[in-house]
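Contents: one structure, followed by commentary.
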Amino acid sequence: MHIVPGLKVLYFGTPVVLISSRNSDGTANLAPMSSAWWLNQSAMLGLGNSGQTTANLLRERECVLNLPSSSMVDAVDRIALTTGKRAVPEHKLRQGYRYEPDKFSAAGLTEQASELVRAPRVAECPIQLECRVRSAHPFGDPRPECTAFEVEVLRTHVEERLLIPGTHYVDPAGWDPLIMKFCEFFGGGQNVHPSRLADGWNMPHHLPVASSA
């Protein structure tokens with residue numbers, strides 16, 4: 001039986017992304033988010049307008065999308081309630097946010113120079129996407145409180161161990177992304193069912209299917 005619970009959040013499960021960007025003084029900002037999806041060589045990012053990352057993307061028009069593995073959950077969680085905005089918005093103060101000017105150090109992560117954008121990569125993240133902002137669309141009713149950013153992926157960096165040997169494909173059995181579902185972290189990387197779509201796209205996957213027993 002279905003009921004209508006009036007859900008407060010709709011985070012059914014998306015990959016966690018560490019977005020690195022440049023502040024106006026040239027220092028690096030780093031922010032975890034989980035409202036992102038990809039299509040072809042572009043991505044759509046949903047960010048609140050009160051955050052430093054939104055201000056940086058609107059000004060600099062570039063960023064890096066760093067994808068952490070599930071083993072990096074401690075580092076991600078260390079900066080979950082921090083903001084790079086010196087004047088912390090009132091609603092974030094009520095949630096327990098604090099100003100943190102050096103997110104990389106707070107997370108225990110390392111800046112790595114990018115090749116095509118000024119924003120740094122996160123050296124520990126096995127997948128890093130250098131991006132350029134193509135458009136920004138404020139949304140919300142009655143007053144826009146968020147912005148949807150369309151970003152173009154300029155260059156993708158992937159740890160060699162994640163690639164299927166001899167191909168340009170990521171091995172989905174080896175890639176274990178950190179997933180956020182309803183504000184909780186999940187991982188595991190376990191395949192649960194064969195995919196007809198993968199067959200239709202002739203993907204070179206040979207995945208062990210988890211037992212339902």
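The values are calculated or read from the model by the stated rules, or taken from the named source; none is laboratory data. Here the structure is a predicted model, which is why all the values come from computation and not from measurement. Quick reminder, even Gly has a Cβ in these numbers, built from the backbone with ideal geometry, and neighbours come from all protein chains shown. Surface accessibility is based on the protein's heavy atoms, side chains included, excluding ligands, DNA and RNA. Shrake-Rupley method; radii C 1.70, N 1.55, O 1.52, S 1.80 Å.
When each of V64, V4, V88, V73 is tested for being assigned to a helix (DSSP H, G or I), aliphatic (A, V, I, L, M) and either touching a Leu at 6+ places or on another chain (Cβ under 9 Å) or farther than 22 Å from W175 by Cα (or both), the lone residue that passes is V73.
Report yes if A43 is assigned to a strand (DSSP E or B), within 18 Å of T156 (Cβ to Cβ) and at pLDDT 95 or above, otherwise no. For A43, the condition - assigned to a strand (DSSP E or B), within 18 Å of T156 (Cβ to Cβ) and at pLDDT 95 or above - is met. Whether any residue in region 191-202 is touching a residue at least 24 places away in the same chain (Cβ under 8 Å) and not small (G, A, S) is what I want to check. Looking for residues that are touching a residue at least 24 places away in the same chain (Cβ under 8 Å) and not small (G, A, S), one finds none in region 191-202, hence no.
Scanning region 104-112 turns up no residue that is part of a strand (DSSP E or B), of a type in the set (F, W, Y) and open to solvent by less than 20 Å² (accessible area, probe 1.4 Å). Open to solvent by 60 Å² or more (accessible area, probe 1.4 Å) and either of a type in the set (A, V, I, L, M, F, W, C) or in a loop (DSSP other than H, G, I, E, B) (or both) - does that describe any residue in region 127-134? No, the conditions are met nowhere in region 127-134. Selection of first residues in region 155-167 that are in a strand (DSSP E or B) and of second residues that are open to solvent by 40 Å² or more (accessible area, probe 1.4 Å) and of a type in the set (D, E, K, R), restricted to Cβ pairs under 9 Å at least 6 apart or on distinct chains, gives the following pairs, ordered by first then second residue: R155/E115; H157/E115; L163/D171.
Here is a yes/no grid of residues against (1) of a type in the set (A, V, I, L, M, F, W, C); (2) loosely packed, with under 10 Cβ neighbours inside 10 Å; (3) under 16 Å from the mean Cα position of the chain (by Cα):
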| position | (1), (2), (3) |
| --- | --- |
| V9 | yes, yes, no |
| F12 | yes, yes, yes |
| V17 | yes, no, yes |
| D25 | no, yes, no |
| A43 | yes, no, yes |
